[in-house]
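Trainee: Let me begin by handing over the structure; questions about it come next.
The values are calculated or read from the model by the stated rules, or taken from the named source; none is laboratory data. Everything numeric here is computed off the predicted structure, so don't read it as measured data. All Cβ positions, even for glycine, are placed from backbone atoms using ideal geometry, and neighbour counts span all protein chains on display. Ligands, DNA and RNA are excluded from the accessible area calculation, which covers all protein heavy atoms including side chains. Shrake-Rupley method; radii C 1.70, N 1.55, O 1.52, S 1.80 Å.
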Amino acid sequence: MTIRGAGKIARAGASAMGDFAKNYKGNSLEEFRKEVRECSEILIASRPTAVSLWNGVKATMRGLSSAETLDEARESVIFNSEEFVKISSMAVETISKMGANRIKSGDVILTHCNSKAAIGVIKEAHRQGKDIKVYATESRPWRQGILTVNELAEAGIDTTLIIDSAVRSVMKEVDKIFVGADTITSHGALINKIGTSQIALAAHEARVQFYVCSETYKFSSATIFGDMVTIEERSIDEVVKKGEIPDSVKIYNPVFDSTPAAYIDAIITDVGVIHPGSVYDVMIRQLGDGMFEE
Ligand code: RI2
């Protein structure tokens, strides 16, 4: 939880792979490959839900199997790691610009949790001189909404913090919703911070546009083959203090939830604004490019 945001987590994973390759002191290609794979498994196991971490780490291993020398293998991991960091940062800039095109002066926007991509869109619209107002949810239990409102306020944006359960109360004022993504499935469902699906439901009821800001490396190609996204559950200590409630009370603390494609108006990606129904095609192209293959 030191590193927040699926994109940042992916970049941290990719950078760690690069650091491992840079600091590798051995002299065996086979041993290097083995240790790189072990390293990738440790990193990927640290957060189970956001596929961005999996994709970021795997992207650094492209060419690992075909490398003929240790130097070639090391250089390829280092190069891939730097490329991933560069490309994923550029993706946020692209998304910010395209998303901002969807915002007009006078719009009231709602965002949830702390998404660099969604915040990028909002800040870009403000930078373009659009007069906007933002509602940002607190995002219990970790309250990442505090990070969001600080960043928006610092940019000079008219920002209101609301508790998560106030979403439906303000929905009548909201024009557009922009949220980030931890994972997008092959059928266009969004896996994002807990509470996102309730926001989407309230938006659907109120006919408010619901946009997802997602880099394409958050698309999970494994879901094409039927894999389900694991929803991380975190410690009960995040929800209540010790002794606050009887031990007999169970606590369920899922970190993410799934929003069906039907509630999503569009996904703003680094390859364009797409309908959730187009996610499969983008994934097929990524698989064809061998993007996440060794
Ligand atoms: P960016 C965050 O969760 C939030 O769910 C946010 O919407 C998503 O990552 C994407 O954030 P977590 O992975 O990549 O920090 O747009 O638990 O910053």
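Trainee: Among residues belonging to region 51-65 that are open to solvent by 20 Å² or more (accessible area, probe 1.4 Å) and outside any helix (DSSP H, G or I), point out the one that is farthest from residue 30 (Cα to Cα).
Mentor: 62
Trainee: In region 163-181, which residue that is within 22 Å of the chain's Cα centre (by Cα) and surrounded by fewer than 21 Cβ atoms within 10 Å (Cβ to Cβ) is farthest from the ligand (Cβ to nearest atom)? Talk me through it step by step, then tell me what you get.
Mentor: Start the filter on region 163-181 by keeping residues that are within 22 Å of the chain's Cα centre (by Cα), which leaves 163-164, 167, 176-181.
Adding the requirement that they be surrounded by fewer than 21 Cβ atoms within 10 Å (Cβ to Cβ) leaves 163-164.
Working: 163: 17, 164: 13 Å.
That would be 163.
Trainee: Between 278, 258, which is within 17 Å of the chain's Cα centre (by Cα), under 23 Å from residue 99 (Cα atoms) and modelled with pLDDT of 95 or more?
Mentor: Values: 278 fails: within 17 Å of the chain's Cα centre (by Cα).
On inspection, the qualifying residue turns out to be 258.
Trainee: Applying the selection to region 257-294, what residues are polar (S, T, N, Q) and closer than 26 Å to residue 202 by Cα? So that I can check it myself, show each step before the final result.
Mentor: Looking only at region 257-294, we keep the residues that are polar (S, T, N, Q), and these are 258-259, 269, 278, 286.
Result: 258, 259, 269, 278.
Trainee: Take region 246-294 and flag every residue that is in a loop (DSSP other than H, G, I, E, B), touching a residue at least 12 places away in the same chain (Cβ under 8 Å) and among the acidic types (Asp, Glu).
Mentor: Hits for region 246-294 are 265, 270, 293, 294.
Trainee: Take the residues of region 34-50 that are open to solvent by 20 Å² or more (accessible area, probe 1.4 Å) and in contact with a helix residue (DSSP H, G or I) (Cβ under 8 Å, 6 or more places away or on another chain): which is farthest from residue 91 (Cα to Cα)? It would help to see each step written out before you state the result.
Mentor: First, pick out the residues of region 34-50 that are open to solvent by 20 Å² or more (accessible area, probe 1.4 Å): 34-35, 37-39, 41-48.
Subset that is in contact with a helix residue (DSSP H, G or I) (Cβ under 8 Å, 6 or more places away or on another chain): 35, 39, 43-44, 46-47.
Details: 35: 30, 39: 26, 43: 22, 44: 22, 46: 24, 47: 22 Å.
Of everything passing the filter in region 34-50, 35 is farthest from residue 91 (Cα to Cα).
Trainee: Taking the conditions exactly as written (open to solvent by 70 Å² or more (accessible area, probe 1.4 Å), over 30 Å from residue 36 (Cα atoms) and outside the structural domain of residue 50 (by TED's automatic domain parsing)), does residue 251 satisfy them or not? Steps first, answer last, please.
Mentor: Values: open to solvent by 70 Å² or more (accessible area, probe 1.4 Å): no; over 30 Å from residue 36 (Cα atoms): yes; outside the structural domain of residue 50 (by TED's automatic domain parsing): yes.
For residue 251, the condition - open to solvent by 70 Å² or more (accessible area, probe 1.4 Å), over 30 Å from residue 36 (Cα atoms) and outside the structural domain of residue 50 (by TED's automatic domain parsing) - is not met.
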